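These notes are about the structure you will find just below.
Bear in mind these aren't lab numbers, they're just calculated from the coordinates by the rules spelled out. Keep in mind that what you see is a predicted model, and the values were worked out from it rather than measured. Heads up, the Cβs are rebuilt from the backbone with ideal geometry, glycines too, and the neighbour counts pull from every protein chain shown.
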Amino acid sequence: MDRRAFISTLAGGLLAAPLAAEAQQPGKVYRIGSLFVGASTNATFPETTSSSVTSGARVPEGVLKGPFGSVVDGLKDLGWIEGHNITFELRIGGPERLADFAADLVRVPADIIVVPSAGVATIVRRATTTIPIVVLAAGVLEGSGLVASLTKPGGNVTGMQIFSPELIGKRLQLLRAALPTTLARVGVLSEDVAATPELVQARKKYREETDTAGRALRLELAYVTVRLAEEFDTRFTELVARRAQALLVYGTPFMFENRTRLAALALLHRLPSIFEQRAYVDAGGFMSYGVDVAQILRRGAVFIDKILKGARPADLPIEQPTKFELVINLKTAKALGLTIPPSLLGRADEVVQ
């Protein structure tokens, strides 16, 4: 099924999802449990500087400045007001605390639990198979064991899957457009970690797409992997030694956590870089092409709204993004000595000065 047909199918499914017996109760204040990685990695909430556990009706200001603020704003638009008809049970901590936090949210009990990724959803699923779980931006849900299928999840997990390997070719095309006469060899940086079978398969798909796009564009590719942050300097030195002229980075939470360092090293080694999210560009990266994160998070609010009104996660199809954005950092381009072709600037959704 092609993407357009799939989106039409899931849109119809969302509209037709049956209401459960426990529909929204007038006057009830619903507890929205929220479990995120922060503090130890600062990957999800870069503004959060220390581990925190908060309960009650007010979301901390630092969190509202992070990605979760888009979810809160989306809920407001749908009539869900913090302290009026919903409260938040928010848990933010390092990976080592997530299992305890998940168990705590089940004890509260939360009416629904919101998580950022399939990995965190897996931890929560071990604690409950009955409380609805909404995943805001899973890399891969299909084949993870969390859902039966994208169109019919069948359990207590639903949400957004942002795995889009077909965008790899687009990113290489954008690097070619930025360096139309000189680009011949691109470095490809990925994380080397032990992973679940579905993530191994996803990474394999990324590699296949990269190879295919590289051949089509007549680009040589220099692949390097990194396991620890301490290895970044060595890997960039290796890329330069292999005569890479630009850099493509496969996004992971680990890469996101180190986005400022990645951007700085790319600039230091004179490598125009392209990433999956605009946050890398805000950190000093050259370009990004990928999902509109704010839009994805606001869609998460739609899932929460439907479930609190009685829909079952089992009947809410997993959605995939349909909107992508190109962001270019002109300050970084200037530091690299690049003149961006007007045709490329004209395609940008946003230009960072």
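Within 10 Å of each residue's Cβ, count the other Cβ atoms and sort Met287, Met160 from fewest upward. All intermediate terms of the calculation are to be shown ahead of the outcome.
On the way: Met287 27, Met160 22.
Fewest to most other Cβ atoms nearby, the residues stand as Met160, Met287.
Rounded to whole Hz and in sequence order, give me ³J(HN,Hα) for region 220-230 from the Karplus expression 6.51 cos²θ - 1.76 cosθ + 1.60, θ = phi - 60°, writing x for Gly and Pro.
So the J values, rounded to whole Hz, are 7, 10, 10, 8, 9, 10, 9, 10, 10, 4, 5.
Return the Cα extents of region 72-170 along principal axes one, two and three, sorted largest first, each rounded to a whole Å.
Extents along the principal axes, in whole Å: 45, 32, 28.
With label points built 7 Å along Cα→Cβ from the Cα atoms of Glu231 and Thr212, find their separation and express it in nm.
Each label point lies 7 Å from its Cα, and together they span 2.8 nm.
Evaluate the distance, in nm, between pseudo-label points positioned 7 Å from the Cα of Thr339 and of Arg242 along their respective Cα→Cβ axes.
3.2 nm
Give the separation of the Cα centroids, region 274-340 to region 104-155, in Å.
If you average the Cα positions of each part, the centres end up 21 Å apart.
Taking the beta-carbon count within 10 Å as an exposure proxy, list Asp104, Asp282, Asp77 from fewest neighbours to most.
So the residues, fewest neighbours to most, are Asp77, Asp282, Asp104.
Fully extended, how many nm does the chain gain between Arg261 and Leu78 (0.36 nm per residue separation, minus their Cα-Cα distance)? Display every interim value, and only then the final one.
Numbers: separation 183, 0.36 × 183 = 65.88 nm, distance 3.82 nm.
Full extension from Arg261 to Leu78 adds 62.1 nm.
With point charges of +1 on the Cβ of Lys and Arg and -1 on the Cβ of Asp and Glu, referenced to the Cα centre of region 222-353, which listed residue (Ala333, Gly346, Ala229) lies farthest in the positive direction of the dipole?
Farthest towards the positive pole: Gly346.
Calculate the spin-label point distance for Gln295 paired with Ala99, positioning each point 7 Å from the Cα along the beta-carbon direction, and give it in nanometres.
Using points 7 Å along Cα→Cβ, the separation is 3.9 nm.
Tell me the Kirkwood radius of region 116-214: reciprocal of the mean inverse pair distance over distinct alpha-carbon atoms, in Å.
Values: mean 1/r = 0.0650 Å⁻¹.
Computed over region 116-214, the radius equals 15.4 Å.
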